[in-house]
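Worksheet: one structure, shown below.
The values are calculated or read from the model by the stated rules, or taken from the named source; none is laboratory data. Note that this is a predicted model, so its numbers are computed, not measured. So basically every Cβ, Gly included, is an ideal-geometry build from the backbone, and we count neighbours across all protein chains shown.
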Amino acid sequence: MTERSLLMIPGPINFDPAVLRVLSTPTLSHMSPSFAEIFREVLSNLRKVTFTENAQPLVLAGSGTLAMETALTNLIERGDEALAVDNGHFGARSAEILRSYGVKVDELRYRWGTAARPEDIREKLEQKSYKLVTVTHVDTSTGCRNDVEAIGSVVRDFDALLVVDGVCATAAEPERIDEWGIDVLITASQKALGVPPGLAIVFFSEVALEAYRARRNPVESYFVSLDRWLPIMRSYEEERALYFATPPVNLILALRRSLELILGEGMENVFARHGVVAEAFRSAVKALGLKMVPERDEYAANTMTAVYYPGGVEDGEFRGGMAERGVTVAGGLGTLKGKIFRVGHMGSVNAHDILATIGAMEATLEELGHNVEVGRGLAQAQKILNRM
Ligand SMILES: *Cc1c(COP(=O)(O)O)cnc(C)c1O
């Protein structure tokens, strides 16, 4: 079978060959000066991507969920109160993690397809004092984006930490840690950061680190405790290797390459490219008469799009038809399973990837007997992509 195919799911994504090649280079000793230098560069470039001077990034072996657990367990103690904004599968996961550590969680729930209203968060914070507020930047189950900047300006008026799950947003949607008052940013390698799965990344602001230091009880985890990892990260920042547990050396080398590509393009250019590609895709979806999960355009994320199947189109058949055409798209999560498909358009995504995806969608829908005017979505998308 041919290896030529496009992975257009909301992570892992279609990785740049320059990043993939790094994985097959000889593995360095994690204690060597050359690796220490690379790790220092990675930590410093992670700060540039997220616009922070002082937040401390941690890079651990693990998936995005481990990054969530790392962020939360280091800050909360049994009996603490937390507010979890839940407008999708991953918002609910934050609440689950908190509860599993004995935290009392109030959920601020929204219908899937909508975004959180900052004024509701203000109201909650006025009623009760919370240790922290969790919010998902882009919820991968719906393709809806929450306005983290506006939420940050609300939370900063209260004595609560703002914890943002940026797994499906970091390095594609602007995330300005310092300016927006983000206390903890959670992310992972396999989405817009453009590195195969396996790196859990968390940024702790100085305020968050103070909260960690002020704990009354020890962190209820051995592996993800900041007690273990802060000295390691601080040491690598000074280009001195220090051991607690073996870092995933080749993934970190690959992250160095990917960050180099991202920063080489320039953050504002990266954000603009995601904006144009996403708009082109949405305009094609509309031109084909399909409905998207975000109820309003302003809720729609630039990293991925979730689309309802039109009547008569079955999930397995559609995704099978797409795969035969060399394009892999994702199905729905939770209650939307079988009802929607999801397309990731982040990281190194370009105009041609999205046109190929739209072309495959048109052909597959036609084959499955859905009434589409083949070429209509492509024509709409081209108009927008020509702005790039
Ligand atoms: C993908 C994702 C996660 C989970 O990441 P895993 O690597 O699958 O553990 C968490 N939150 C968001 C917003 C995601 O998109």
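Just a few scattered comments:
- Selection status of Gly102, more than 16 Å from the ligand (Cβ to nearest atom), among the small types (Gly, Ala, Ser) and more than 21 Å from Val249 (Cβ to Cβ): yes
- Evaluation of Ser221 against (1) among the small types (Gly, Ala, Ser); (2) surrounded by fewer than 17 Cβ atoms within 10 Å (Cβ to Cβ); (3) part of a strand (DSSP E or B) (one fails), failing number: (3)
- Where a residue in the stretch 234-256 is within 25 Å of Asn54 (Cβ to Cβ) and its partner, wherever it lies, is acidic (Asp, Glu), with Cβ under 7 Å and at least six apart: Glu239/Glu37; Arg256/Glu41
- Number of positions in the stretch 85-104 that are over 23 Å from the mean Cα position of the chain (by Cα) and within 24 Å of Leu58 (Cβ to Cβ): 3
- Filter result (of a type outside the set (A, V, I, L, M, F, W, C) and under 12 Å from Ala84 (Cα atoms)) within the stretch 102-119: Lys104, Asp106, Glu107, Arg109, Tyr110
- Test for Gly143: is it on the phi > 0 side of the Ramachandran plot, buried (at least 23 other Cβ atoms within 10 Å of the Cβ) and in contact (Cβ under 8 Å) with a residue 12 or more places away in the chain: yes
- Search result, residues across the stretch 180-214 that are surrounded by 24 or more Cβ atoms within 10 Å (Cβ to Cβ) and either without any contact (Cβ under 8 Å) to a residue 24 or more places away in the chain or farther than 19 Å from Ala254 by Cβ (or both): Ile182, Asp183, Val184, Leu185, Ile186, Phe203, Phe204, Ala208
- Residue within the stretch 88-98 that is more than 12 Å from the ligand (Cβ to nearest atom) and part of a loop (DSSP other than H, G, I, E, B) present: no
- Of all residues in the stretch 68-84, those that are within 15 Å of the ligand (Cβ to nearest atom) and closer than 19 Å to Gly181 by Cα total 4.
- Residue that is surrounded by the fewest Cβ atoms within 10 Å (Cβ to Cβ), among those in the stretch 76-87 that are in contact (Cβ under 8 Å) with a residue 60 or more places away in the chain and of a type outside the set (Lys, Arg): Glu77
- Within the set Leu60, Leu7, Leu46, the sole residue that is within 16 Å of the ligand (Cβ to nearest atom), closer than 24 Å to Arg213 by Cα and in contact with a strand residue (DSSP E or B) (Cβ under 9 Å, 6 or more places away or on another chain) turns out to be Leu60.
- Count - residues of the stretch 99-114 that are buried (at least 21 other Cβ atoms within 10 Å of the Cβ) and not in a loop (DSSP other than H, G, I, E, B): 1
- Residue pairs meeting the criteria (Cβ under 6 Å; at least 6 apart or on separate chains; first modelled with pLDDT of 95 or more, in the stretch 363-388; second assigned to a helix (DSSP H, G or I) and among the acidic types (Asp, Glu)): Leu368/Glu317; Val374/Glu362; Val374/Glu366; Gly377/Glu362; Ile384/Glu279
- For the stretch 337-347, the criterion of a residue being of a type in the set (A, V, I, L, M), part of a strand (DSSP E or B) and farther than 20 Å from Phe15 by Cβ is satisfied by at least one position.
- Hits in the stretch 98-122 (condition: without any contact (Cβ under 8 Å) to a residue 12 or more places away in the chain, farther than 17 Å from Ile76 by Cβ and among the small types (Gly, Ala, Ser)): none
- Just so you know, in the stretch 1-21 the residues that are buried (at least 18 other Cβ atoms within 10 Å of the Cβ) and β-branched (Val, Ile, Thr) include one that is nearest to Arg319 (Cα to Cα), and it is Ile9.
- Taking the stretch 115-140 as the range and being closer than 19 Å to Leu98 by Cα, outside any loop (DSSP other than H, G, I, E, B) and basic (Lys, Arg) as the test, only Lys124 passes.
- Qualifying positions in the stretch 296-315 - of a type in the set (A, V, I, L, M) and in contact (Cβ under 8 Å) with a residue 40 or more places away in the chain: Ala300, Ala301, Met304, Ala306, Val313
- Positions within the stretch 1-35 being aliphatic (A, V, I, L, M) and either in contact with a helix residue (DSSP H, G or I) (Cβ under 7 Å, 6 or more places away or on another chain) or without any contact (Cβ under 8 Å) to a residue 40 or more places away in the chain (or both), in sequence order: Met1, Leu6, Met8, Ala18, Val19, Val22, Leu23, Leu28
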